[in-house]
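Accompanying notes for the structure given below.
The values are calculated or read from the model by the stated rules, or taken from the named source; none is laboratory data. Values in this document were obtained by computation on a predicted structure and should not be read as measured data. Reconstructed Cβ throughout: ideal geometry from the backbone, glycine too, with neighbour counts over all protein chains shown.
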Amino acid sequence: MIEILEETKGKDGRRNIRVAKENLVALIAELKSQGYDHLSLITGIDKKDKLEVVYHLHNVKENQYIVVRTETSDERVPSISSLYPSANWEEREQYDMLGLVFEGHPNMKRLFLPESWVGHPLRKNYDLSKVQYVNMDEDGNDYATFDPGDGW
Amino acid sequence: MNVLQRLQAFFAILGHYPSYILAYFFETLFMIIFVTVMLIVMIYLFRKYMARVQLRIGPNRVGKFGSLQLIADALKLVGKESILPRKRDDLPYRVAPIVVFLGLIMAFAIIPYGDFYYIGSLTVTHSNVSLLLLFAAIAIMPIGEVLAGVSSNNKYAVIGALRGVAKDISFEVPMMMSVLALVMMASARTSEPLNLTNLISVQSIPYGIPQIIGLGVFFIAMVARASYSPFDMSESDSELVSGHSIEYSGMRFGMFYMGMFGSIFLGSMIVSLLYLGGYNGPFSGDAGFIYLLIKAMILVIISFTIWLSVPRIRIDKFVNMGWKYLLPAAVINLVIAGILTLGLSL
Amino acid sequence: MIEVKEPKKEVPLIGTIKAIASVGKHIFQKPVTLQYPEERPNYPDRFRYRIFLSLDDCVGCTLCEQVCPNRSITMQKVNRDNPRNKRHIYPDVNFGTCTVCRNCEEICPTDAIYLTHTFELARTRNSFTYSPEELSLPEDEVIK
Amino acid sequence: MVVPDTAQDTSKDWVELNIGPQHPSTHGVLRLKVKLDGEIVKDVEPIIGYLHRNAEKLCEMDYYCDALVYFDRMDYVGAMNMELGYLEAAEKLLGIPPPERAQWIRVVMAELSRIASHLVWAGAFGLDLGMLTPFFYCFIEREKVLRIFTAVSGSRQQTNYMSIGGVYQDIDDQIIYDIEQFTEEFPKKLEEIFNTFVKNDIFISRNKGIGILEPEVAIQYGVTGPMLRASGIEYDVRKAEPYLVYDKINFDIPVSYKKDNLARFLVRFEEMRQSVKIIKQAIKKIPDGPYFNPKAKKSLMIRLRGEGEVYARTESSKGEFGVYLVGDGGVKPYRVHVRSPALKNLSVLPVLAKDVMIADLFAISGTIDLVFGEVDR
């Protein structure tokens, strides 16, 4: 039996389950076998001292939602991309925006920003005053730079 | 008396050979001017027609009804910098647009614009095998396109050239088969069926009526030759951006562009010559050229409508169509033509 | 729930000719293009574009500056005799970044800032910012 | 003669072709790295982010009411649906339900917006396949919708019409008359446009049986909206979890079991017909009353405070548009996350476009209905 730390009902009437991140994959695998076959959304939230990851799972047939949350203090979360193919891009997006590293992800690269971008924009301590410019090198790969003369 | 003889008479004072040389020179010049003017008219007509079909107005700022728009565009194209790709294969890259345009001009030079004995014929070559020459000239244009595709060192261009080759092979055979049927029918009436003038003058009824299948096959082939939608696989806008002409700019691109509109006009002319009676018509005589032009223009408008309303066919389906439907249809047409010819000669 | 049916299968070629004809017959319809500078469309009353400022009504509350999503509005000091505006600050608007969302109009407590139909604001890159005085002038009197 | 790059590397039996970000049929700034074996597409890798503006961060930096501006610019062809998606979340979080009249007005606007979005898609899909003209017919019809939007809100595309707790401006009799006029005329024009597409054998042959998306794969990849319904799953948020007043309106969800490009095309056209049906019903039922909640007075716009977490989903023209909103009790949202349906639908492209011809790759990417403001956010 998977240990559930806390179960609440959210403001929108959805079931909220909080688990430790070690139990995350096992819980989601069990939920998937219960019919939650559609991973709607993965959201990372920067809570300043820790990062919270929220999974919205959806049962298309019975139209039920369940919200699984876990938190991490070392930016590392197990990946569920082997369970849901759609988690692949979702996790890449969260890595891109928040710096959450999903362990076991086959292709942990940034989704939107170029690979050499410094910092993760949705972090609360992201420095907005430093402007980064994007350009494309000879091989057609994007890169980010602080030099305004090099950017587009 | 045709234009050539009139010119020769005009220059006769210079002697026999110089007068003929000058006469040929000026006639060629007239023909090139005619083709260029027709191209400009065609492009203007296309833009205006496209705009009206799409419920727009089209060019209307430069000159009355935008009639000078094309002149302005041509001037712009001439004045534009021609950007050359760095890793191009220089000679074929530069030669390719000229080859396309030359093929077009040569084909126009061989077409009879009117009966040989009347004014209005600009025909440069009065050969006995002008039909073969005409198709030889048309076959030059794909060479230019392939050269352009391979030499500009671009993957899109290479794919475009590959598609162009596949396309050309699959429509040329049925096209020639349907022309063969024409020659067969004409051979019952004339001893020189390969001469375009003879081939047209023996059409008491337009060949398009007994050979309706041949007309269809030949028209489809001409659509494919001019490579506009639905058969613009080799230069498809939304897939290969611009196919073989992707790396061309300035006047070089202008040559490809004019080559395309020229092939539409050329195709319409050839179809109306071979299948719709050409310059024959009631009270033709001196006005034969007008008949030809009207027939060609109606076909041009039909071509434009097809261009604007039909999606692009996939290359494998086109090759399928060429070999599995067009070729058998052309063969059936050939058989029908044979039966008709036998019936006529008996 | 309804299941969409595939359209009736047309005879090959005939269907295509029908489709071509259905496009071709549009040539007899009137074009819909408006020749813009000569003909002008009817702008509805709510059509919004250029921001106007009534200098006499502005109380300098900075609410428009706060609500502007693009930070297009900044407050400027203007020496002007207006007893209601104690701090003598008025908004200026950078039309280069203004998205015409009309949040400033909605929030303005005295209706001093409002959006109008004027939309022909051709400007060079450096002159998009309208000072408070310029905002109160009609468009053709603003010299840039 | 110089051999092109494509032939130099003989060790690999495929050609890598880079399509986009600037390409006529990538609907903006999609970049596809395609591995080609002749004409056959062996592998597609979509690369996105060229229109990335980080709307989520911008929303976090602004007040609750200002985020609407950024949501307008996500799916810019159907902006009203985006506003609706955000407001569904924000109103739950702030506890400001819109009054009855505003809800009905929102339904009308959302459906008009859906029509506008699908018309853009239909025109652009025609262009992808090489049909030049239906594009203009679609845009002429769309322009009529945008005129209604201008009359209602004052702006054509980025309307910023719905506000927290209602709508910015009430609709009057003239606008109701305009909308009724539109719903009378539009179905005829729609059939005309429909016929220019489907009567064409070549159009049918380009779409039938191409790009088969199995329902299981669709759900695994999070595909929603018309693409999912064309795969045979009758799932629509408007029916499954009705928001606004959709439960009081009689309409059908179009479904197809053919799973191919043509099915997606037909489903979207049927959706437009259903939208007209919804508008016709809703416009008659708009009740009298206030058009915004007095709790969200305009002068209080920047003082709204919310706490908690809300995930609200709506059916936008692309699919299930979800907004996850976290508030910490301040005047600005703490975290905004958008479930962008077009992004999820795009992620299935490598599966769909396996071993198809190049021409079909563009037909398939055309049926996904990509709008890059929404994919990249």
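Let me spell it out: the conditions are (1) touching a strand residue (DSSP E or B) at 6+ places or on another chain (Cβ under 7 Å); (2) within 30 Å of residue D:169 (Cβ to Cβ); (3) more than 14 Å from chain A (Cβ to nearest Cβ); (4) crowded, with 21+ Cβ neighbours inside 10 Å, and residue D:306 meets all of them except one. Which number is the exception? Result: residue D:306 fails condition (3) only. Taking the condition within 14 Å of chain D (Cβ to nearest Cβ), modelled with pLDDT of 80 or more, out of contact with any Pro (no Cβ under 9 Å at 6 or more places or on another chain) and in a helix (DSSP H, G or I), does residue C:134 pass? No; evaluated as a whole, the condition is false for this residue. If you go through the stretch B:159-173 and keep only what is surrounded by fewer than 23 Cβ atoms within 10 Å (Cβ to Cβ) and of a type in the set (A, V, I, L, M, F, W, C), you end up with B:162, B:165, B:166, B:169, B:173. For the stretch B:217-244, a residue qualifies if it is among the acidic types (Asp, Glu) and in contact (Cβ under 8 Å) with a residue 24 or more places away in the chain, and the qualifying residues are B:232, B:235, B:239.
When the stretch A:115-152 is filtered for residues that are out of contact with any Pro (no Cβ under 8 Å at 6 or more places or on another chain) and either crowded, with 16+ Cβ neighbours inside 10 Å or not in a loop (DSSP other than H, G, I, E, B) (or both), the ones remaining, listed by number, are A:117, A:120, A:121, A:122, A:123, A:126, A:132, A:135, A:136, A:145.
Before we move on, is residue A:128 touching a Lys or Arg at 6+ places or on another chain (Cβ under 6 Å) and of a type outside the set (S, T, N, Q)? Break it down stepwise before answering.
On the way: touching a Lys or Arg at 6+ places or on another chain (Cβ under 6 Å): no; of a type outside the set (S, T, N, Q): yes.
In short, no.
The number of residues in the stretch A:41-58 that are more than 10 Å from chain D (Cβ to nearest Cβ) and outside any loop (DSSP other than H, G, I, E, B) comes to 4.
Among residues of the stretch D:114-141 that are under 11 Å from residue D:196 (Cα atoms), none has a beta-carbon under 9 Å from a residue that is surrounded by 22 or more Cβ atoms within 10 Å (Cβ to Cβ) and of a type in the set (Asp, Glu) at least six positions away or on a different chain. Restricting attention to the stretch C:18-56, the residues that are assigned to a helix (DSSP H, G or I) and surrounded by 10 or more Cβ atoms within 10 Å (Cβ to Cβ) total 10.
From the list B:57, B:71, B:83, B:33, the lone residue that is more than 30 Å from residue B:154 (Cβ to Cβ), at pLDDT 80 or above and not in a helix (DSSP H, G or I) is B:57. Filtering the stretch B:10-65 down to residues that are among the aliphatic types (A, V, I, L, M), in contact with a Leu (Cβ under 6 Å, 6 or more places away or on another chain) and more than 14 Å from every other protein chain (Cβ to nearest Cβ), which residue is nearest to residue C:32 (Cα to Cα)? Taking the candidates together, the pick is B:62. Among the conditions (1) surrounded by fewer than 24 Cβ atoms within 10 Å (Cβ to Cβ); (2) within 13 Å of chain A (Cβ to nearest Cβ), the only one that residue D:281 does not satisfy is (2).
Can you name the residue in the stretch D:339-377 that is at the interface with chain A (Cβ under 9 Å from one of its Cβ atoms) and modelled with pLDDT of 85 or more and is also surrounded by the most Cβ atoms within 10 Å (Cβ to Cβ) among such residues? Steps first, answer last, please.
At the first step, the residues of the stretch D:339-377 found to be at the interface with chain A (Cβ under 9 Å from one of its Cβ atoms) are D:339, D:343-344, D:346-348, D:351, D:376-377.
Going one step further and asking which of them are modelled with pLDDT of 85 or more, we end up with D:339, D:343-344, D:346-348, D:351.
Details: D:339: 23, D:343: 26, D:344: 29, D:346: 23, D:347: 23, D:348: 22, D:351: 17.
Out of the qualifying residues, it is D:344.
I'm trying to understand the selection: among the residues of the stretch C:77-99, which are within 17 Å of residue C:132 (Cα to Cα), within 18 Å of the chain's Cα centre (by Cα) and in a loop (DSSP other than H, G, I, E, B)? Once the filter is applied, which keeps residues that are within 17 Å of residue C:132 (Cα to Cα), within 18 Å of the chain's Cα centre (by Cα) and in a loop (DSSP other than H, G, I, E, B), the stretch C:77-99 yields C:95, C:96, C:97, C:98.
Is the stretch D:292-312 home to any residue that is modelled with pLDDT of 85 or more, assigned to a loop (DSSP other than H, G, I, E, B) and in contact with a helix residue (DSSP H, G or I) (Cβ under 6 Å, 6 or more places away or on another chain)? Among the residues of the stretch D:292-312, not one is modelled with pLDDT of 85 or more, assigned to a loop (DSSP other than H, G, I, E, B) and in contact with a helix residue (DSSP H, G or I) (Cβ under 6 Å, 6 or more places away or on another chain), which makes the answer no.
Note on the stretch D:141-225: enclosed helices (runs of 4 or more DSSP H) holding 1 or more residues that are within 14 Å of chain A (Cβ to nearest Cβ) are D:215-220. If we keep just the residues of the stretch D:309-338 that are more than 7 Å from every other protein chain (Cβ to nearest Cβ) and of a type in the set (Asp, Glu), which is nearest to residue A:54 (Cα to Cα)? Across the stretch D:309-338, the extreme among qualifying residues is D:328. Within the bounds of the stretch D:175-184, is there any residue that is farther than 30 Å from residue D:245 by Cα, modelled with pLDDT of 85 or more and surrounded by fewer than 21 Cβ atoms within 10 Å (Cβ to Cβ)? For the stretch D:175-184, residues farther than 30 Å from residue D:245 by Cα, modelled with pLDDT of 85 or more and surrounded by fewer than 21 Cβ atoms within 10 Å (Cβ to Cβ): absent.
Annotation: of all residues in the stretch C:57-72 being more than 10 Å from chain D (Cβ to nearest Cβ) and either closer than 19 Å to residue D:168 by Cα or out of contact with any Ser or Thr (no Cβ under 9 Å at 6 or more places or on another chain) (or both), the one that is surrounded by the fewest Cβ atoms within 10 Å (Cβ to Cβ) is C:62.
Taking the stretch B:280-313 as the range and being modelled with pLDDT of 85 or more, out of contact with any Gly (no Cβ under 7 Å at 6 or more places or on another chain) and not in a helix (DSSP H, G or I) as the test, the residues that pass are B:310, B:313. Within the stretch C:12-24, the set of residues being more than 9 Å from chain B (Cβ to nearest Cβ) and of a type outside the set (Val, Ile, Thr) comprises C:12, C:15, C:18.
Looking at B:9, B:109, can you tell me which residue is assigned to a helix (DSSP H, G or I) and surrounded by fewer than 15 Cβ atoms within 10 Å (Cβ to Cβ)? Let's see the steps before the verdict.
On the way: B:109 fails: surrounded by fewer than 15 Cβ atoms within 10 Å (Cβ to Cβ).
Sole residue among the options that is assigned to a helix (DSSP H, G or I) and surrounded by fewer than 15 Cβ atoms within 10 Å (Cβ to Cβ): B:9.
Among the residues making up the stretch A:53-70, a single one is charged (D, E, K, R) and crowded, with 19+ Cβ neighbours inside 10 Å: A:69. When each of A:28, A:80 is tested for being buried (at least 19 other Cβ atoms within 10 Å of the Cβ), away from every other protein chain (no Cβ under 11 Å) and part of a loop (DSSP other than H, G, I, E, B), the lone residue that passes is A:80.
Among the residues making up the stretch A:103-152, those that are modelled with pLDDT of 80 or more and at positive phi are A:104, A:119.
Any residue that is touching a Leu at 6+ places or on another chain (Cβ under 8 Å) and among the small types (Gly, Ala, Ser) - is there at least one of those in the stretch D:232-253? No: zero hits. The combined condition, being crowded, with 21+ Cβ neighbours inside 10 Å and not aliphatic (A, V, I, L, M), is fulfilled by residue D:264.
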